[in-house]
Amino acid sequence: GRQARTASNNTFVAPVTTELLRLQGQPDLGLPIEYVHFRNLIFRHADYALPPEGHSNSQADSSLPGTITLTGARDCSLEGCELSHFGNYGIALRAGSQHCRIAQCHVYDGGAGLMRVGETDLANTRERRCEGHVIDNNYLHDYGEVYAGAVGLCVFQSSDNQITHNEIHDGYYTGISVGWNWGTSATQAERNTIAYNHVHHVLKERLSDGGAIYMLGTSP
């Protein structure tokens, strides 16, 4: 006869939140979050929430939030941390964040992309700009498991970032995307450095019109 199967030797994880860490400053009021550093921490298991109307983005699943989010953060960092098993984007540097450092982190198994920098709209004040970050020597892999159109590491309207020595692989869309305008309209994606990254096994089977490195619009 058939042998009965039980769940006694398995572990099941049911996430109860879509976000694991948030730094929220108020740069418009002169109150950014400053000099907060996270070292050698592990963040795991976060869900995603599909709204009742469903989900559709024109590119890069740009409306999706981060699981770890820094907004209005100055000179903050995550180094040597792990983030895994989450439903949206992984680490997000949002409006008003400047001169932060993400280094030697391991980010993987993402429902959307693994890192996102900046906003899709132009910042209307210097305080609201997202710029000047260092993203160096991170291991980023296995992304787009829920939202296949998301990017491994996506830089929207953000300037003066250094994206160096990262390895990115196994996603359904682009590995690194920089820029966010179509044509020659105004941009705040300028002077970004992309160097010494290893991007491989992306655009696997499901999507097209992408690349290992994708520059969108005017991005001097």
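One line per residue, one yes/no per condition, for (1) of a type outside the set (Asp, Glu); (2) without any contact (Cβ under 8 Å) to a residue 12 or more places away in the chain; (3) under 21 Å from residue 212 (Cβ atoms); (4) open to solvent by 10 Å² or more (accessible area, probe 1.4 Å):
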position	(1), (2), (3), (4)
82	no, no, no, yes
116	yes, no, yes, no
135	yes, no, yes, no
162	yes, no, yes, yes
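Can you confirm whether residue 96 is under 19 Å from residue 175 (Cα atoms) and crowded, with 24+ Cβ neighbours inside 10 Å? Considered against the rule, which asks whether it is under 19 Å from residue 175 (Cα atoms) and crowded, with 24+ Cβ neighbours inside 10 Å, residue 96 comes out as no. The condition (being at pLDDT 95 or above and at positive phi) is satisfied by just one residue among 201, 169: 201. Residues of the stretch 38-68 that are open to solvent by less than 90 Å² (accessible area, probe 1.4 Å), within 20 Å of the chain's Cα centre (by Cα) and either closer than 14 Å to residue 93 by Cα or among the small types (Gly, Ala, Ser) (or both): 46, 49, 60, 62, 63, 64, 65, 66, 67, 68.
Please work out which residue is nearest to residue 63 (Cα to Cα), limiting yourself to the stretch 118-133 and to residues that are assigned to a loop (DSSP other than H, G, I, E, B) and open to solvent by less than 70 Å² (accessible area, probe 1.4 Å).
Among those residues, the one meeting the criterion is 120.
Taking the stretch 164-210 and the strands (runs of 3 or more DSSP E) fully enclosed by it, the elements with 3 or more residues that are within 14 Å of residue 140 (Cα to Cα) are at 167-171, 198-200.
The values are calculated or read from the model by the stated rules, or taken from the named source; none is laboratory data. For clarity, every value in this text was computed on a predicted model and none was experimentally measured. Don't worry about glycine lacking a Cβ; one is built from the backbone with ideal geometry, like all the others, and counts go over all protein chains shown. Protein only, heavy atoms only, side chains kept; ligands, DNA and RNA dropped before computing areas. Shrake-Rupley method; radii C 1.70, N 1.55, O 1.52, S 1.80 Å.
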